[in-house]
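Accompanying notes for the structure given below.
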């Protein structure tokens, strides 16, 4: 990992600030997660990288090589940045602020959906909520990000490879996607129920069990 990190830091420094291209989807998530562009760029060019993972992603009929980079930005928080390298562009696909220390309330109404077909990412979120930080879960089908608010509640769920979880997304164009989401909390876990609804298609229903410690969430 150490050599991989050194190589990645060297590669990033071959780009200038003007060559960083933040996708529209990523800008939307940055706004929701209170991550400004200055923080993103300064983090990318810092030496605080401690994790690198290569990810191959279908994109525009080809396979795009992406990298999941995790930088330490304070004693409590880290920044996960998903990037792809091109000859003259460093593409930033997504940014998540997470806490290293944080590895039946229904909210079926007021659940927003943001799906980017080109990037194959979908974000379910409770409208009007403020995200304090996010927790990244690595799964074979693609990473899932869990968003927490300042009261320690789970208010968002993001699927990095959405069509792997919801094959119906591969065939939709401009159809309106709706969602339902609810969370049941246990002593050290949270069960997240979600339902995706696309007109003319059978609803997709599933659950995710995520580690959860409210006190730890509030402390961070």
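Reported to the nearest whole Å, the Cα centre-to-centre distance from region 106-178 to region 181-220 is 11.
With R₀ fixed at 25 Å, the C-beta to C-beta distance from residue 56 to residue 150 puts the FRET efficiency at about 0.10.
Extension gain for the segment residue 214 to residue 185, taken as residue separation times 0.36 nm less the Cα-Cα distance, is 9.5 nm to one decimal.
Ranked by the mean number of other Cβ atoms within 10 Å of their residues, highest first, the peptides 198-205, 45-52 fall in the order 45-52, 198-205. Label 7 Å along Cα→Cβ of residue 76; region 32-48 residues with amide nitrogen under 16 Å? The answer is 34-35. Sorted from greatest to least, the principal axis extents spanned by the alpha carbons of region 159-200 come out as 41, 19, 12 Å. A convex hull fitted around the alpha carbon atoms of region 105-219 yields 101 Å³ per residue.
Here is the size of the chain from its Cα atoms: Rg then Dmax, 17.3, 50 Å.
Pairs of C-alpha atoms in region 2-99 farther apart than 17 Å represent 48 percent of all such pairs.
Just so you know, all these numbers are worked out from the coordinates, no wet-lab data involved. Here the structure is a predicted model, which is why all the values come from computation and not from measurement. Note that we place each Cβ from the backbone using ideal geometry, even for glycine, and neighbour counts take in every protein chain shown.
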